[in-house]
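Each remark here refers to the structure printed beneath this line.
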Amino acid sequence: MARLRFIAGRLAALAVLLLVLSLVLFVLQEVSDADPVASTLGANASQEAREAARERMGLNDPAPERYLDYVGGLVTGDLGTSFRTRHPVADDIGTYLPATLELVLGALLVALVLAVAFAVSSVLRWRGAGLVRGLLFLGSTTPTFLLGILGLMLFYRDLGWLPASGRLSDRGAVDGPTGLVVLDALLAGQPAVAVDALQHLLLPALALAVGPALSIGRVLRSGLVTTLDADFVRTARAKGLTERRVLARHVMRNSVNGALSMTGLQLGFMFAGALVIESVFSWPGLGSYLGASIPVSDFPAIAGVTFVLGAIYIASNTVADVLQGAADPRIAL
Amino acid sequence: MRSETTTRTTDRTPAPTPAPRRPTRASRRRLRAGQAGRQAGRPAGRWAAVAGTLLLVGYAVLVPLLVPVDLDHVDYGIGATAPSWSHPFGTDLAGRDLFVRSAVGLRISLLAALAGALGAVVVGTLTGAACALLGGRADRWGMRVVDGVNAVPHLLLGIVVASVLRGSFVTIVLVVAVTHWTQTARLVRAELLALGAQDFYRAAIALGFTRRQLLRHHAAPRLAGQLAVAFGLLVPHAVWHESTLTFLGLGLPPHRPSLGVLLDLGQQALLSGAWWTLAAPAGLLVAITVCLAGCLVGAGAGGGTGGDGGHHGGGRAGRTGEHRA
């Protein structure tokens, strides 16, 4: 019961935050000098045509009414129509989101691996732990886009190990249900294409993962340090478990809590960072879409991308909270 | 909260001062590591960071003054020359000297970062103080706004705000301020609420201190250290934001060579093999971030809290309203 109430509370908070986000975007739209009429009709439209368009688009209504319209549209999945592509923004986002999703999921995976390596190696004082720590620290002080460029210089230009841009060498080699090229290629039984996609994914994902990896790794390390001294760990050792088993079964599970909520936070930052990384690697995702929309003041597109990414961020934090409650029932109380 | 636990462990030994809890093995290890760090590595590292910061700031301020070069003077004859004695950082594709241009870039980036961080701290302090002092509904709504702003990744919010306002120096400053005031607001609110619950503060109210005296003798000293650290931590972060936004084409216009502009140009020049066009601004960016952050290592613990842990616990306990006197 308590858990249900906890989850209900988190969901209510999620709804409120989404409303606040929509309000922020609406206000920004109000203060921006972008004129939707000029963007749709062009600069040479007659005065009457403009006035008619204003009336048709509902721009003459009072602001609260327009806000309600906007929220009503959001609820039904209507994000407006892009001035640039003339398509519904929701459709455009549907086209570009899978690429961003694949990039961020890849980066999340890399970040988790690096974070665990960082935390475990420094707690257990493995050889080379200092090197991992130093590299991660140096990487995390560097802006993501710069990491991407430096990575390109090293692995593409100098070593020639990895490709520089795009998701695949052969555009449109696969077309699958998930939109994630690596998965689609595997589902279609084309391992060579999947490997190619992975090679394209590796460098941007790595650049995106370094900062979050350090944040998650630090939290995980402090969790590990605390748990390693707990009585139940001594008991586990005393009853003769191997060190590996003690770590995997007892220490890890009791230390992941803080790291989990940090992962939720970092996931959101990764979606924002992906926008930047995409412009370095010509990755055809939401960042490229946003990058093309900004110079022409395509506000529906800008607001749509922001709303969707913000919603993903809020939702992932809610999921992290609920997961935390599942991993540690004390949190719900 | 902390005082409760300390008193509980001492009920068998009625000592005048409560003995601290017996340190666990973990905390002992951390203690030892901390002491070792403070004795050996930290001060040296911190001094190096301070020296590095001074050096970089000196470079940014003095070089443009001392080397009389027309920044926009284009000379394709010496375009893309590698670093040499006459051009220590090389020249870019248009033949502009990168040693001077990078210094100017660093100066612009630092100025934008300082202004942005200052704006964020000021807005945060005012909002946090207003929430704590007004209490009640204003406090609840203020904190909802903070949650709302925090609910959007700040880089994303920054991109949207910058795309609405169009790129300029003021835009960068505004974006940093608008997206980063929330931490300071939380901090100030929690500190003030914790202060309101303290006995000495209530005693001061009972003694008839005026508001100004309360602010000057109790609130300001408590907040000053914290705010300084918050500001110091924001500056390198703001440098980072300036370069990212400018790199995306949302920040400073190309004729103001900030680090972001230089990095953008450097990336374009990479294709023709001129690695130094990227190396100079990239190295400076990393160096200034590391040095600025390094100056503050350990400062968060030493600065100003007066050894009062649990901000949040204190904050909750302090919601009694007496501090409003």
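The values are calculated or read from the model by the stated rules, or taken from the named source; none is laboratory data. Please read these numbers as outputs of a predicted model, since none were measured by experiment. In this analysis, Cβ positions are derived from the backbone assuming ideal geometry, glycine residues included, and neighbour counts consider all displayed protein chains. These area figures cover heavy atoms from the full protein model, side chains too; ligands, DNA and RNA do not enter into them. Shrake-Rupley method; radii C 1.70, N 1.55, O 1.52, S 1.80 Å.
Structural remarks
- In plain terms, the chain from A:ARG125 to A:THR235 could stretch by 37.4 nm, reckoned as 0.36 nm per residue minus the Cα-Cα distance.
- Model label points for A:THR178 and A:THR76, set 7 angstrom from Cα along the Cα-to-Cβ axis, are 3.4 nm apart.
- Estimated vicinal HN-Hα couplings, Hz - the stretch A:196-206 in sequence order (Karplus 6.51, -1.76, 1.60; Gly, Pro = x): 4, 5, 4, 4, 5, 6, 4, 5, x, 5, 5
- Those residues of the stretch A:275-314 for which accessible area with every protein chain present is at least 40 Å² below the isolated value (1.4 Å probe): A:VAL276, A:ILE294, A:THR306, A:TYR313
- By a 1.4 Å probe calculation restricted to protein chains, B:TYR201 has an accessible surface near 20 Å², given to the nearest 10.
- Apolar share of the accessible surface for the stretch B:185-254: 62 percent from carbon plus sulfur atoms, 1.4 Å probe.
- Residues losing 10 Å² or more accessible surface upon assembly, the stretch A:90-138, compared with the chain by itself, 1.4 Å: A:ARG125, A:PHE137, A:LEU138
- Taking the protein heavy atoms of chain A in the context of the full set of protein chains, the accessible area attributed to carbon and sulfur is 63 percent at 1.4 Å.
- Dipole magnitude of the stretch A:233-323, debye to nearest 20 (Cβ charges: Lys/Arg +1, Asp/Glu -1, about Cα centre): 1000 debye
- Per residue accessible area in Å² of the stretch A:228-333, where ligands, DNA and RNA are left out and the probe is 1.4 Å: 41 Å²
- Label-point gap, in nm, between A:ALA315 and A:SER282 - each point 7 angstrom along Cα→Cβ: 3.1 nm
- HN-Hα J in Hz across the stretch A:312-317 - Karplus 6.51, -1.76, 1.60, θ = phi - 60°, x for Gly and Pro: 4, 4, 4, 5, 5, 5
- For the stretch B:98-232, the per residue solvent-accessible surface stands at 41 Å², with DNA, RNA and ligands left out and a 1.4 Å probe.
- Between A:ALA49 and A:PHE26, residue separation times 0.36 nm minus the direct Cα-Cα distance comes to 5.8 nm.
- Interface burial for B against A (accessible surface, 1.4 Å probe, total of both chains, Å², rounded to 100): 3300 Å²
- Residues of the stretch B:241-275 whose accessible area, computed with a 1.4 Å probe over protein heavy atoms, drops by at least 20 Å² once all protein chains are present relative to their chain alone are B:THR244, B:PHE247, B:LEU248, B:LEU250, B:LEU263, B:GLN267, B:LEU270, B:TRP275.
- Scaling the Cα radius of gyration of chain A by the globular reference 2.2 N^0.38 Å produces a ratio of 1.19.
- 3J(HN,Hα) from dihedral phi, the stretch B:221-230, Karplus parametrisation 6.51/-1.76/1.60, rounded to Hz, x for glycine, proline: x, 5, 7, 4, x, 4, 5, 4, 5, 4
- Residues of the stretch A:130-169 with amide N under 17 Å of the 7 Å Cα→Cβ point at B:ALA82: A:158
- Ordering of B:162-169, A:213-220 by burial proxy (mean other Cβ atoms within 10 Å per residue, highest first): A:213-220, B:162-169
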